[in-house]
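Asker: Take this structure first; my questions come after.
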Amino acid sequence: MNNLKISTRLVILIGLLSALLVVIGAIGLSGISKSNDALKTVYEDRTVPMGLIAKINELNLKNRLLIAGSLLDPTPEAIARDTAKVEANIANIDTVWSAYVATTLTEEEAKLVKKLAADRAQFV
């Protein structure tokens, strides 16, 4: 190594540093790819289902408000109008619920889904 010219030593050093830079860059890109895959899984398996549950809660709240409104204004027209809206919301909830059940569920979530489905059927 001592017999090499300085220019040759610099070329070897720059070559090694360049190779090291490429290796570190490849490791970084691999890590970013794995991170993106993990975030996509979190989005698809947790965030989207949470949005579906929020929609179901919103529709249930609307139904409760419609029922309360019918109790406050018990005219046949108001009851018929509110009942139609409640029925439409129930149909919408059924659609959203089917989409939620089709998502990836953990074992604990699957147990809760079964219990909630039975409770919801009784409630409706």
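Asker: Answer with yes or no whether I27 is at pLDDT 95 or above and β-branched (V, I, T).
Answerer: So I27 passes the test.
Asker: One residue is enough: does segment 88-104 have a residue meeting the conditions open to solvent by less than 90 Å² (accessible area, probe 1.4 Å) and touching a Ser or Thr at 6+ places or on another chain (Cβ under 9 Å)?
Answerer: Within segment 88-104, one or more residues are open to solvent by less than 90 Å² (accessible area, probe 1.4 Å) and touching a Ser or Thr at 6+ places or on another chain (Cβ under 9 Å).
Asker: Here is a further query. I'd like the full set of residues that are among the β-branched types (V, I, T), without any contact (Cβ under 8 Å) to a residue 24 or more places away in the chain and surrounded by 12 or more Cβ atoms within 10 Å (Cβ to Cβ), limited to segment 29-87.
Answerer: Hits for segment 29-87 are I67, I79, T83, V86.
Asker: Here is a further query. Within segment 91-105, does at least one residue satisfy the condition of being touching a residue at least 12 places away in the same chain (Cβ under 8 Å) and touching a Pro at 6+ places or on another chain (Cβ under 7 Å)?
Answerer: yes
Asker: Restricting the search to segment 16-32, which residues are small (G, A, S) and more than 39 Å from the chain's Cα centre (by Cα)?
Answerer: Within segment 16-32, S18, A19 meet the criteria.
The values are calculated or read from the model by the stated rules, or taken from the named source; none is laboratory data. If you're wondering where the values come from, they're calculated on a predicted model, not measured in any experiment. With ideal geometry, Cβ positions are generated from the backbone for all residues, glycine too; neighbour counts draw on all protein chains shown. Protein only, heavy atoms only, side chains kept; ligands, DNA and RNA dropped before computing areas. Shrake-Rupley method; radii C 1.70, N 1.55, O 1.52, S 1.80 Å.
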